[in-house]
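Every number in this text was worked out from the coordinates using simple rules, so none of it is lab data. Quick caveat, the model's predicted, so the values are computed rather than measured. As a convention, Cβ positions derive from the backbone with ideal geometry for all residues, glycine included, and neighbour counts pool all protein chains shown.
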Amino acid sequence: MKIGDLVFANYDEQRGIMCIGLVLEMRKVRKYKTHNLKRDEAKIMWSSEHSPIGWWLTDQLRVVSESR
């Protein structure tokens, strides 16, 4: 997954909601203070009425169209 990719949220797809999102940023975050486990997150702008933006774990998303 990279900046510019179009994605669906896995949970939304399971519920029949087909709202596509655009990857704006990528980052690695430490998920637990007691562990040194880092996970990838993507900042997504969703294509709904108010274009909400938020951070999502990449394993919660599915790429539907890759940017060049």
Ordered by number, the chymotrypsin sites (Phe, Trp or Tyr not before Pro) in the chain that occupy a DSSP loop and have at most 10 other Cβ atoms within 10 Å are Y32
Averaging 1/r across every pair of distinct alpha carbons in the chain and inverting yields a Kirkwood hydrodynamic radius, in angstrom, of 12.5
Taking placed amide H atoms and a strict 5 Å upper bound, the residues 5 or more places from D5 or on another chain that come that close are V23, S67
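Just to verify a number: FRET efficiency for K43 and E13, C-beta to C-beta distance, R0 = 25 Å, to 0.05? Present the calculation step by step, with values, prior to reporting the outcome.
On the way: r = 20 Å, r/R0 = 0.79.
FRET efficiency, K43 to E13: 0.80.
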Straight-line reach check, K2, cutoff 15 Å on alpha carbons, 8 or more apart in-chain or any other chain, hits among aspartates and glutamates -> E25, D40, E41, D59, E66
Placing each pseudo-label 7 Å from Cα in the direction of the beta carbon, L57 and E25 end up separated by a distance in nanometres of 2.0
With DSSP loop assignment and no more than 16 other C-beta atoms within 10 Å, the GluC sites (Glu not before Pro) in the stretch 1-60 are E49
Given unit charges at Cβ for Lys, Arg (+) and Asp, Glu (-), the dipole magnitude of the chain about its Cα centre in debye, nearest 20, is 500
